Structures are given as C-alpha cells and as structure tokens.
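Single-structure report; data block below.
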Amino acid sequence: MLNQNQSLIFESSKEGRIGYSLPELDVPQVNAEELLGKAYVRTKAPELPEVSELDIMRHYTALSKRNHGVDSGFYPLGSCTMKYNPKVNEQAARIAGFAHIHPLQDEQTVQGALELLYDLQEHLTEITGMDEVTLQPAAGAHGEWTGLMMIRAYHEANGETQRTKVIVPDSAHGTNPASATVAGFETVTVKSNEHGLVDLEDLRRVVGEDTAALMLTNPNTLGLFEEDILEMAEIVHAAGGKLYYDGANLNAVLSKARPGDMGFDVVHLNLHKTFTGPHGGGGPGSGPVGVKADLIPYLPKPVLVKTEQGYHFDYNRPQSIGRVKPFYGNFGINVRAYTYIRSMGPDGLKAVTENAVLNANYMMRRLAEHYELPFDRHCKHEFVLSGKRQKKLGVRTLDIAKRLLDFGYHPPTIYFPLIVEECMMIEPTETESKETLDAFIDAMIQIAKEAEETPEVVQEAPHTTVVKRLDETLAARKPVLRYQKEQAVQNV
Ligand SMILES: *Cc1c(COP(=O)(O)O)cnc(C)c1O
C-alpha cells in the first residue's frame, strides 16, 4: 500500500508535462551529429519522467522523509557519535572566503583560510597532548593508515625493518586491524580479560622485537576505559614499539585526559564525530593525526607552517611519507570543527565529556534491569548490552533492532564487538535531553516485555516502515541502485 508520501515519479509521468520554463532558443541550433559524431547521438528520447515542478518537489521531499538522520530523531549508533551538528558550523563553512576559494589559489590570497587550518592544528595539538598534527586524512580509518605509515617509516629509518607486527586487542574497532593490514603489517590479536580490558599477561606474551606498534581503541568498543594504559605503554615502549591511540570517540575523555600524557606516540581523531562534522551518507569526514616529536619528520607533506611572511606550505620534507590526500584535507569539515571548538571553549568541551559519560551511564543502569549487562562497570561514552535473555525467548538482537524502527529510533550498533554474544552497542551522545533518553529507554523496556509476552510482534518488526525486512544478503550482493521499471512497484 502506498500513502501520499510515496509518490512514484515515473508512474505519474504525463507526456508533454514540464517542470521548467526556458526562453525560446535564439541561437542557431547545432548539428549534434556533426559536433559529436553519429555514435554519440541518441536515436531515442531518454525515458525520463515528465512531471511538474510541484510533482518533483513532492517526490524528493517524500524520499527525504524515508531517511533517518540526527536532525529527524534519536540515533544511538554505538561508536559512531551521531550527535547534533550545530547549524552555526554550517554558517561558518558557507562564508564566501571559505566556501569559494580554490585549492590552487596562490597562498598569499588565502591567508585567512590557512590561519584557520593552522589554529585548528594548534588546538588539536593541545587537546591531544601531542607535538604536531596533520589535517590531511579524510576519515578515521585513513588517519589510522597514515599514522601506521609514519610508524613504519620511523622504524625503517632506524634500520628496524623486522618490526612487522601490529598488536590489536580483540575489543578494538574493526578498522584497526584492517588499517594495519592495508599498511602492510601483520596483526596480532591480544585478548580481553574478564573485566573487558586488555589482558596484560597476554600483551607481555605477544610483544617483542617484531612489534611495530600497539593500536589501542580507548575507550574500547565495550565503552570501557583501559585502566592499565600506563603499564601497557611501558611494556610496548620497552620492547621498542610505538603506541597508537584510536581517538575517534574523544568525547569520552576530551578535556579530562590526553593521549599524549598517557605515553601515546600517535593519535587520530574523528572530527566528523567528536567535533560535530555531519557524517551521514558516508562523508566527507576528517581524521587528523597527532604525533610526538620523533615522528614529525614523517608527517604527510606539505606541512602548513607559520613564518614571518605568513602561512605557507612546506614541501621540503625529505623523510615525509608523502601526500595522503589531494590538496589539504577536507577543508569544509575542518572549518566546522574549528567553529565548534571556538564556540564551545575549554569549559564547553569539558561539559561535552561529562554529559556524554553521564548519559551513557544513566541509560546503561536503567536498561540493565531488562537486558543482560555483560560488563558491570562504569562506562564512558557508550556501553554494550547483550540480548541473550531475549534470545532464549526466540527474539534475536536483530529483531530488537528492527522493532526499534517502529518507535522512530535508529537502532544501536548490533553484533559488535564480536566478543559479546547478541551484542547491542549503545551511544546516546551528550546532546540528547533526559526526556529523549527516557523515551528510548521506555521503548527498549516495552520491547523486552513484548519478547516475553508477544514475541511475534518483535520477530516480525518493523511494522510501520516503508520497506519491511530486507534480504540483507541479496541487498549487499545484488544491490538495485537505480530505477528499474519492471521492479519499481515490488521494491517500494
Ligand atoms: C568510527 C571509528 C573509526 C573509523 O572512522 P571512519 O571515519 O569511519 O573511518 C575508528 N575507530 C573508532 C573507535 C571509531 O569509532
């Protein structure tokens, strides 16, 4: 059944109806065949819908309503920090001097933009406790790869080419082992202990002369702060390895603790998470990387420097790993992050962390009465629950996630981290009100009740969405990405 928000733009096409008005052609018409050659000229008109401007307006507005975003509802997707993106950031990013400049312009004509980038680097250096920051990487995973390539260059410059292994805990974000592999390392997994933290004994066992680095996601993907970081740093440094901090979710520690002070040599941040860059739909993002002094020579070039003549890109970096991104990073996202940092100030950034952690703990405690809590400890910005209890009743975590759609919520991350059975990873973020948190908790409690009393309601969810359960394997293997006339109706 289609409702009025589900217009079928192709099917409502009427021959000859147009949605534009252009002046009469007053220049000689070109001969397309002469201009392009016969092979490139259409013999048949394209099958495009012929509709009015109002029809097309309604079509796109209807499509936009089928999407869920932070601006339309609560989005507790763990390890993604789907927090509010302040609109003042958008205003700053649209200032003509930022939005309309070209990356090939002479440096002297874009000094203001370069100053912003330089100041952002300085702020992030201070926030992370590192010695220098590059803004080039376009995302978190890209930052990880960039950091690892610098570590690799460092070891090679010291003649330590036998350091081929990167140690990654089993509670790490999935991009960590992937980036290590892409950077040409072999990954070694270190186990978590019964508290959900890195097992130091296991770490001691795997560390050695072949260790290039330990990559630590902190807080880990269970939302837990790794309490033995100082000891881990000692173990890895004593063996000659470097320490990498995955700081994608810095809203767990921002203004409270700095990776640089904990002994880390490299850290990446996700400006599209903690620092409010919008990151729906796959980007653009920004994944700056901070390093300690001994890794500065390997930073991607060009490096933005401040001289007496102004800001300037330095290409003379013989030990640099080279460019990792065309031009200077995703400038617009960097403008948004700069605006956010300046509008929050140090006290505001501290409040971010306090509220992110408070919200997550509040939600965790209230839900722990209804779902299994595998690690009963204070969490940071996110926490994990297990749907094991509900699974015994025939309701899987996937069903719970689908049922949440009926309540108008984006589901949490599910089945990750892999070390928790029927895992749900929930990140409320600091920008939600207590009322919103309570409403989500109530929905989760109701679903837990339904699992006991009317499991079929959960098993068959969602009931209210435009599309019901998808065949996810088929959708991944054979995606239908454009309109296909014969399938249109059955796909809606
Ligand atoms: C999101 C995230 C990443 C990956 O960042 P992308 O920008 O998606 O590449 C890495 N680590 C952690 C802990 C994350 O939450």
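FYI, it's all coordinate maths here, none of it is from the lab. Only a predicted model underlies this, so the values are computations on that prediction, with no experimental measurement involved. Reconstructed Cβ throughout: ideal geometry from the backbone, glycine too, with neighbour counts over all protein chains shown.
Using only the C-alpha atoms of the range 99-201, find the volume of their convex hull and express it per residue in Å³.
173 Å³
In square nanometres, what is one fourth of the surface area of the convex hull spanned by the alpha carbons of the range 87-343? Spell out each step's value before the answer.
Details: hull surface 54.4 nm².
That works out to 13.6 nm², a quarter of the Cα hull's surface.
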Hey, can you grab everything whose amide H is under 5 Å from the amide H of Val190? Only 5+ residues off in sequence or another chain; H modelled, so Pro and N-termini drop out.
Val168, Asp170
Please identify the chymotrypsin sites (Phe, Trp or Tyr not before Pro) of the range 12-70 that satisfy two criteria: DSSP loop assignment and at most 10 other Cβ atoms within 10 Å. Which are they?
Tyr20
Note, Leu250: beta-carbon cut-off 15 Å, +1 each Lys/Arg, -1 each Asp/Glu, net -3
Spin-label model distance (nm) - Tyr40 vs Asp26, 7 Å beyond Cα toward Cβ
2.9 nm
So how many Lys-Lys pairs in the range 354-476 land under 21 Å Cα to Cα, not counting same-chain pairs under 8 apart?
9
Place the peptides 163-172, 144-153 in order of packing, highest mean first, counting for every residue the other Cβ atoms within 10 Å and averaging per peptide.
144-153, 163-172
In the range 305-350, the chymotrypsin sites (Phe, Trp or Tyr not before Pro) that sit in a DSSP loop and have at most 10 other Cβ atoms within 10 Å of their own Cβ are Tyr315
For the chain, with the dipole built from +1 on Lys and Arg beta-carbon atoms and -1 on Asp and Glu ones, taken about the Cα centre, which of Val467, Gly287, Thr274 lies farthest toward the positive end?
Val467
Can you order the peptides 473-480, 345-352 by their average number of other Cβ atoms within 10 Å per residue, highest first?
345-352, 473-480
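Quick one: of the DSSP bridges fully inside the range 223-313, what percent are antiparallel, nearest 5?
Working: 7 of 11 bridges.
For the range 223-313, the DSSP antiparallel bridge percentage is about 65.
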Residues of the range 306-321 with amide N under 17 Å of a point placed 7 Å along Cα→Cβ from Thr109
311-313
Among all the lysines, which ones have a C-alpha under 17 Å from Lys191's C-alpha, if same-chain residues fewer than 8 places away are not counted?
Lys165
Expressed as a whole number of Å, what is the distance separating the alpha-carbon centroids of the range 150-172 and the range 44-74?
49 Å
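Packing-wise, with mean Cβ within 10 Å as the measure, how do 227-236, 94-103, 199-208, 379-388 rank, highest first?
Numbers: 227-236: 17.1, 94-103: 11.3, 199-208: 15.6, 379-388: 25.3.
Per-residue mean Cβ counts within 10 Å order the peptides as 379-388, 227-236, 199-208, 94-103.
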Taking N as the number of residues in the chain, what is its Cα Rg relative to 2.2 N^0.38 Å?
1.12
Magnitude of the Cβ-charge dipole (Lys and Arg +1, Asp and Glu -1) of the chain about the Cα centre, nearest 20 debye, reported as 940 debye
Rounded D (µm²/s) - the range 268-320, Kirkwood Rh over Cα pairs, Stokes-Einstein at 25 °C, 0.890 mPa s:
186 µm²/s
Within the chain, the percent of DSSP beta bridges that are antiparallel, given to the nearest 5, stands at 55 percent
May I ask you to evaluate 6.51 cos²θ - 1.76 cosθ + 1.60, the Karplus curve with θ = phi - 60°, for each residue of the range 430-439 and list the ³J(HN,Hα) values in order in whole Hz, giving x for glycine and proline?
7, 8, 8, 7, 4, 4, 5, 4, 5, 5
Lys/Arg Cβ at +1, Asp/Glu Cβ at -1, dipole of the range 220-317 taken about the Cα centre: which of Ala239, Tyr311, Thr221 is farthest positive-ward?
Tyr311
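Using only the alpha carbon atoms of the range 354-476, find the Kirkwood hydrodynamic radius as the inverse mean reciprocal pair distance, in angstroms to one decimal. Present the calculation step by step, with values, prior to reporting the outcome.
On the way: mean 1/r = 0.0677 Å⁻¹.
Result for the range 354-476, one decimal place: 14.8 Å.
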Of all DSSP beta bridges located in the range 87-343, what percent are antiparallel, nearest 5?
40 percent
